[in-house]
1. Residues that are among the hydroxyl-bearing types (Ser, Thr, Tyr) and within 16 Å of ligand 2 (Cβ to nearest atom): list the helices (runs of 4 or more DSSP H) wholly contained in the stretch 117-219 that include at least 1 such residues.
2. Which residue is nearest to ligand 4 (Cβ to nearest atom), if the candidates are limited to the stretch 194-205 and must be over 26 Å from Arg141 (Cα atoms) and without any contact (Cβ under 8 Å) to a residue 40 or more places away in the chain?
3. For the stretch 26-33, does any single residue satisfy the condition of being at pLDDT 95 or above and within 21 Å of the chain's Cα centre (by Cα)?
4. Taking into account only those residues within the stretch 66-97 that are part of a helix (DSSP H, G or I) and of a type in the set (S, T, N, Q), which is farthest from Leu138 (Cα to Cα)?
5. Go over the candidates Phe207, Phe190 one by one and state the one that is in contact with a helix residue (DSSP H, G or I) (Cβ under 8 Å, 6 or more places away or on another chain) and of a type in the set (Phe, Trp, Tyr).
6. Which residues, counting only those in the stretch 44-71, are of a type in the set (Val, Ile, Thr), surrounded by fewer than 19 Cβ atoms within 10 Å (Cβ to Cβ) and over 18 Å from Leu150 (Cβ atoms)?
7. Which residue out of Phe196, Phe190, Phe207 is more than 15 Å from ligand 1 (Cβ to nearest atom), among the aromatic types (Phe, Trp, Tyr) and either under 28 Å from Ile55 (Cα atoms) or in contact with a Cys (Cβ under 7 Å, 6 or more places away or on another chain) (or both)?
Amino acid sequence: RAKSRGRNSIHYFTENMSTDFLKRMEIMRDLRIAVEQKQFYMVYQPIVNLTTSRITKAEALIRWQHPQKGLISPLEFIQIAEEIGLIVELSEWIFNEVTQQVDIWRKQYCPDLTISINTSPVQYKNNGAQINAWADSLILRDIPCEAISLEITEHLLMENQLEAVEALDKVRLHGMSVAIDDFGTGYSSFAYLKDFDFDYLKIDQRFVQNMSADNKDTALCEAIIAMATKLKMSVIAEGIETEQQKQLLIQAGCTFGQGYLFAKPLSAANFEALLIEQTRNDSIIVG
Ligand code: C2E
Ligand code: MG
Ligand code: MG
Ligand code: MG
């Protein structure tokens, strides 16, 4: 019996492997066309000040609207785009899209709005040529560099630490802020904190989502927040879904948060509607 079970599980394994493989091949093939035809759009997830509920930040997240397969998650194609070298071109499109938006929103509704863009390791190659070009582009178009924040993961720093750190130092001089994303999920995170001054630390949602009174995850979040505060970083908690998580984070001294409790990632139009509502409420309070 053990033998046949073993054989079945091998059969199952290879079958899965080949469908995964085919799926990847299809995504690779379709991704080139998608980049050419711009089958993407950006969504914006509000980042709120936990105590005031005010929105002055948002994270830009990409969505792929495939003509036959429908919506495809970035978790399914970003890594492949990195592997086949398409990410640089795709990120160029993302940057243009987001900067046009943030410029309009800052002028019309929210002068201190900052939108963060997720970045990939390859964008820091060649002494951070692409990132430096972004700073130049903002300056040329008279968009304050404060309008854009770059999110990077520990994974990025592991791959090409020196180049990345130098490139980030340069753009930070212009006023672009930098956030370490998914904090706590990579390894030797502490070494990166020592070598680079991040403006924001984003606590990964897997810690936040399991927070409840007096448990381990809450203790870990409290410790991360205390450490970040000492190192003069602002903390953004990701994946807040309940009022209790929010309260525990406030008690621990966390300033910012994002998650389904406040809003899911929104289309540009829906995010704009939120900004309009906020501006209207502000003028009621003032007037
Ligand atoms: P991330 O940068 O850590 O983004 C946060 C992810 O958590 C997003 O998933 C967001 O929709 C999701 N999320 C936010 N709040 C909640 C919550 O309360 N509960 C739960 N369960 N999830 C929540 P998304 O949009 O699927 O993106 C996944 C990852 O793909 C991102 O993780 C990021 O690493 C990557 N990604 C997304 N957009 C881009 C992009 O434009 N460029 C690059 N290079 N990577 C991107
Ligand atoms: Mg992110
Ligand atoms: Mg994250
Ligand atoms: Mg993540």
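1. Hits in the stretch 117-219: 189-195.
2. Only one residue tops the list, namely Asp204.
3. For the stretch 26-33, residues at pLDDT 95 or above and within 21 Å of the chain's Cα centre (by Cα): present.
4. Here the answer is Gln79.
5. Numbers: Phe190 fails: in contact with a helix residue (DSSP H, G or I) (Cβ under 8 Å, 6 or more places away or on another chain).
Exactly one of Phe207, Phe190 is in contact with a helix residue (DSSP H, G or I) (Cβ under 8 Å, 6 or more places away or on another chain) and of a type in the set (Phe, Trp, Tyr), namely Phe207.
6. Thr51, Thr52, listed by residue number.
7. Result: Phe196 is the single residue among Phe196, Phe190, Phe207 that is more than 15 Å from ligand 1 (Cβ to nearest atom), among the aromatic types (Phe, Trp, Tyr) and either under 28 Å from Ile55 (Cα atoms) or in contact with a Cys (Cβ under 7 Å, 6 or more places away or on another chain) (or both).
One line per residue, one yes/no per condition, for (1) surrounded by 13 or more Cβ atoms within 10 Å (Cβ to Cβ); (2) at pLDDT 90 or above; (3) within 19 Å of Leu201 (Cα to Cα):
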{"residue": "Ala147", "(1), (2), (3)": "yes, yes, yes"}
{"residue": "Glu151", "(1), (2), (3)": "yes, yes, yes"}
{"residue": "Glu159", "(1), (2), (3)": "yes, no, no"}
{"residue": "Leu162", "(1), (2), (3)": "no, no, no"}
{"residue": "Ala167", "(1), (2), (3)": "yes, no, yes"}
{"residue": "Leu173", "(1), (2), (3)": "no, no, yes"}
{"residue": "Met176", "(1), (2), (3)": "yes, yes, yes"}
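The values are calculated or read from the model by the stated rules, or taken from the named source; none is laboratory data. Values in this document were obtained by computation on a predicted structure and should not be read as measured data. Glycine also receives a Cβ, built like all others from the backbone with ideal geometry; neighbour counts cover every protein chain displayed.
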